[in-house]
Amino acid sequence: MRILVLSDHFPPHFVGGYEIICEDVVDGLRERGHEVAVLTSTFGVDRPTTEGHVQRRLHYCDSNGNPPPTSLLGRAWIERRERAILAEAIRAFRPQLLFVWHMWYLLRSLLQTAERWGVPMVYYFSDYWLENYYTVAADRWFTFWSRTPQKRYKRALKPILFDPMRRLCDIAVPTVLRPLRLDRAIFSSRALRDAYAARGFPLASPAVIYPGVSTARFAPRADAAVERPRSLLYVGRLVEEKGVHTLLHALRRLVHQYGHTGLRLTLLGDAAAQRPAYLEQLTRLVAGAGLQSEVRFAGKVVPAQVVGAYHTHDIFVLPSLWDEPFSRTLLEAMASGMTVVATATGGSGEILRHGENSLVFRAGDDQALAGCIDRLIGDPQLCRGLAASAAETVRRTFNLRQMIDRIEQHLAALIGERGEAA
């Protein structure tokens, strides 16, 4: 198969687990002999560049799909340039299909342009970016073409002068945001698929293919037996919806109410660039609770360093408040032999079984979270049993090989159908 992958981020320059999953799939398909190229943004690099099978050439936009502020003519030039880059990649690579991943920070018109080329398109959804795609109120390009003039005479002239100009421009670059064809879309969890369906997205034959992790790379350490769990770990973005403040409130209870001394908590991740105030809130919370010696803000590390963190901590905590599409870090921690305490929001509920492979608490309930951790501290045997069951869950159901198998079959079936139709 010849597959062109389109995504706004691609490792080693990434924000979250979605992009790491994309890299795993690309590498897995290439190892199986398929031709896979990646077209992504310039996020993380100084200038457009090509790195083997990865082209970092597309404009990196803000969360509303806007490149850096420019005039309307400047924006039109960028729109044409992006269209040309995509067209060049399609002509040069001649893909049998376009595999679309995260698109939050690329121009919305790119997907419209891609559909015009007639190349079969498959989407892999592991968050809610498509909702943002259809929100055009803050996108200066589509807003310009869709707005209704305030003055009466301009409204009268609109169908005579403006609309023909828009239609002419639309021949080259989309000016109207049309519904995407979501044939054969793939979702990372049933919860995410159902959320999209409930919001009225026109899904055709949606599939659920769970992410997987390498059980060779993420494996329990040799001396995995925990005598008395003392160290806690959180891995992920430091943003409100992840519920990190719930974890800090629970730690305050454990230290000051339950009397557990010697506990340590590592927060591995950084704050979103758009929301630095939350990190300030967390640091104030730590200081106000007198937890400076218990909490370490470790910042963001490269994926290769995360394995060491899993092996040097006892309990992994995922206190998410929002409906997690599917947490890759949760799988990594489970595969690495950690005991998991988490909320079962969204796709996490399809992984976790309370009392079997984890302990589950209600989102936002720091007292319940503290109770779960206190229970594990007092029962090392339970801690070891949950960790062993968690690792087995990943080996059996959420390993990387199974994910690549299913995606390979899904894409091959679509290419086969298109070939027969032709």
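Close amide-amide hydrogen proximity is noted between Ala271 and Leu238, each under 5 Å apart and 5 or more residues distant or on a separate chain (H modeled in the peptide plane; Pro and chain starts excluded). Find how many whole Å separate the alpha carbon centroid of the range 53-90 from the alpha carbon centroid of the range 1-48. Taking the Cα centre of each part, the range 1-48 and the range 53-90 sit 18 Å apart.
For Glu241 and Arg81, what does the FRET efficiency come to when R0 = 45 Å and r is the distance between their Cβ atoms, rounded to the nearest 0.05? With R0 = 45 Å, the Cβ-Cβ based efficiency is 0.85.
Counted by Cβ distance under 13 Å from Leu73, the other residues give a net charge of +3, where Lys and Arg count +1 and Asp and Glu count -1. When the Cα positions of Met334, Pro276, Gly308 are compared along the charge dipole of the range 268-422, Gly308 comes out farthest toward the positive end, with charges on each C-beta of Lys, Arg, Asp and Glu.
Note on the range 11-156: Kirkwood hydrodynamic radius from all Cα pairs is 16.7 Å, rounded to one decimal. For Val36, the amide hydrogen comes within under 5 Å of the amide hydrogens of Ile3, counting only partners 5 or more places away or on other chains and with H modelled in the peptide plane. Each residue of the range 166-179 was assigned a 3J(HN,Hα) from its phi angle through the Karplus curve 6.51 cos²θ - 1.76 cosθ + 1.60 (θ = phi - 60°); the sequence is 4, 5, 5, 5, 5, 4, 8, 9, x, 10, 10, 7, 9, x Hz, with glycine and proline shown as x. 3J(HN,Hα) along the range 109-116, derived from phi through the Karplus expression 6.51 cos²θ - 1.76 cosθ + 1.60 where θ = phi - 60°, amounts to 5, 4, 5, 4, 4, 4, 5, 5 Hz, with x in place of Gly and Pro. The residues neighbouring Val340, those whose beta-carbon lies less than 12 Å from its own, together hold a net charge of -2 under the Lys/Arg +1, Asp/Glu -1 convention. On the principal axes of its alpha carbon atoms, the chain extends 76, 53, 41 Å, with the longest extent given first. Take the chain, mark every one of the GluC sites (Glu not before Pro) that falls in a DSSP loop and has at most 16 other Cβ within 10 Å, then report the longest stretch left between them, sites excluded. Longest site-free region, per DSSP loop and neighbour criteria: 1-226. For the range 346-355, putting each phi into the Karplus relation 6.51 cos²θ - 1.76 cosθ + 1.60 with θ = phi - 60° gives couplings of x, x, 4, x, 8, 10, 8, 10, 4, x Hz, in residue order, rounded to whole numbers and with x for Gly and Pro.
Check each of the trypsin sites (Lys or Arg not before Pro) in the range 125-202 and keep only those in coil by DSSP with at most 16 other C-beta atoms within 10 angstrom; list them in order.
Hits after loop and neighbour filter: Arg147, Lys151, Arg181, Arg199.
The chymotrypsin sites (Phe, Trp or Tyr not before Pro) of the range 131-220 meeting both criteria, a DSSP state outside H, G, I, E and B (loop) and at most 12 other C-beta atoms within 10 angstrom of the site's C-beta, are Tyr134.
Per-residue ellipticity at 222 nm, computed for the chain from helices alone with -39500 (n - 2.57) per DSSP H run of at least four residues, works out to -12500 deg cm²/dmol. Take the alpha carbon atoms of the range 289-322, find their center, do the same for the range 339-401, and report the distance between the two centers in whole angstrom. If you average the Cα positions of each part, the centres end up 16 Å apart. The alpha-carbon of Lys242 sits under 24 angstrom from the alpha-carbons of these lysines, leaving out residues fewer than 8 places away in its chain: Lys300. Taking other residues whose beta carbon is less than 13 angstrom from the beta carbon of Ala368, and scoring Lys, Arg as +1 and Asp, Glu as -1, yields 0.
Read-outs: derived from the displayed coordinates by stated rules, not from any lab. As the structure is a computational prediction, the values presented were derived from the model and not from experiment. Neighbour counts run over all protein chains shown; Cβ positions are idealised from the backbone, glycine included.
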